Amino acid sequence: MKKPRIISLLPSCTEIVCALGLADRLVGRSHECDFPPAVRRLPACTAPKLDSTTTSGEIDRDVKTLVRNALSIYRVDSEQLNGLRPDLILTQSQCAVCAVSLPEVERAVGGWIESAPRILSLAPNRLADVWSDIQRVADAVGVPERGHELVRQLRTRVEVIADQARSIVDRPSVACVEWLEPLMAAGNWVPELVELAGGMNIFGEAGRHSPWLDPEAVRRRDPEIIAAMPCGFDLVRTRREMPVATRMTGWDNLRAVTNSRVYLTDGNQYFNRPGPRLVESLEILAEIIHPDFFHFNHEGVAWEKLP
């Protein structure tokens, strides 16, 4: 049986393929796919149209300008895609800002004559959707049993943490911030992760897209814990951008600030990738919310306390 040639245009899809033991079938990736590190040797088939090294506010402005003009914020290299002769292309239809969308991929391959690759588009909103998507990828590549086993392992790890968290009486209120300027709360699967880790999520709703966050609402709800997890930002970048949030009126009077419970995380590698490492994201939150009960050694690598 021929081994399918796979192009993944989404970091989480790339991680799913590799977690299924199929890294050798990847022939191309998106410009953002960087884990496992070995995938960086693969040719990139996409590129951003905006400068992602600018500030949070500038990135937000540029994205809104492109979207307002009905333009994509990514370029798809259709020649590169065609030259790699994929049998399967993995993409997403959840968020036009997060990665290349399904319509863009369909347009890029629409004129191909030599081959007609299958396009599998994922759009997870909750943890259960992520597990289902892992199985969909496994089925599409012809290894359904690997999908069942991987999902079983991941769900077991989640259940172990959730069971321990349920035994802890204290459930502090947690605000997860997915963007810093303007403020945005984390939605989709993140509220579920907070609850599973033994916290009480107060902004964003499980299964729904991330909502904008009014600073007045932050002051009014006064969270006990704030976890910054900006989409696309690693720990160093999050640390550099945090002054945007700390200049917010009333910041110094928030309970999370006065009690030194503001945390910076690597939102790029963890919380914003709906793949296998959402389990590590849960571990990070468990360490942050209940440091006396959970120790997974992610501190200093995936998260740190705001000085």
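Every number here is computed from the coordinates shown, using simple stated rules; none is lab data. As the structure is a computational prediction, the values presented were derived from the model and not from experiment. Here the Cβ is made from the backbone with ideal geometry for all residues, glycine too, and neighbour counts use every protein chain on show.
Some observations on this one:
- Full extension of the chain segment joining Lys305 with Thr65 gains 83.0 nm, where the gain is 0.36 nm per residue of separation less the Cα-Cα distance.
- Annotation: amide H-H contacts under 5 Å for Cys176 (H modelled 1.01 Å from N, sequence separation of 5 or more, or interchain): Ala186, Ile202, Phe203, Ala227.
- The C-alpha atoms of the chain define a longest principal axis, and helix 144-166 lies at about 0 degrees to it.
- With 20 Å bins beginning at zero, the pair-distance distribution over Cα atoms of the chain amounts to 33, 56, 11, 0 %.
- Dipole-positive endmost among Ser121, Gln164, Thr53 within the chain (Cβ charges, Cα centre): Ser121
- The length gained on full extension between Asp292 and Thr53, counted as 0.36 nm times the residue separation minus their Cα-Cα distance, comes to 82.4 nm.
- Fully extended contour minus Cα-Cα distance, from Thr246 to Glu79, at 0.36 nm per residue: 55.6 nm
- Distance from the C-alpha centroid of region 1-39 to that of region 250-307: 28 Å, rounded to the whole angstrom.
- Stokes-Einstein diffusion coefficient of region 155-243, Kirkwood radius over Cα pairs, 10 °C, 1.306 mPa s, in µm²/s: 116
- Cα long-axis angle, helix 127-141 against the chain (0 to 90 degrees, to the nearest 10): 20
- Our summary of shape: the Cα atoms of region 221-299 have principal axis extents of 38, 29, 21 Å, ordered from largest down, in whole angstrom.
- Value of relative contact order over the chain, rounded to a whole percent, pairs C-alpha under 8 Å and six or more apart: 14
- Built amide H within the under 5 Å cut-off of Gly232, gap 5+: Asn268
- Translational diffusion of region 152-307, µm² s⁻¹ [Kirkwood Rh, Cα pairs; Stokes-Einstein; 25 °C; 0.890 mPa s]: 161
- Relative contact order, whole percent, for region 124-196 stands at 31, derived from Cα pairs under 8 Å and 6 or more residues apart.
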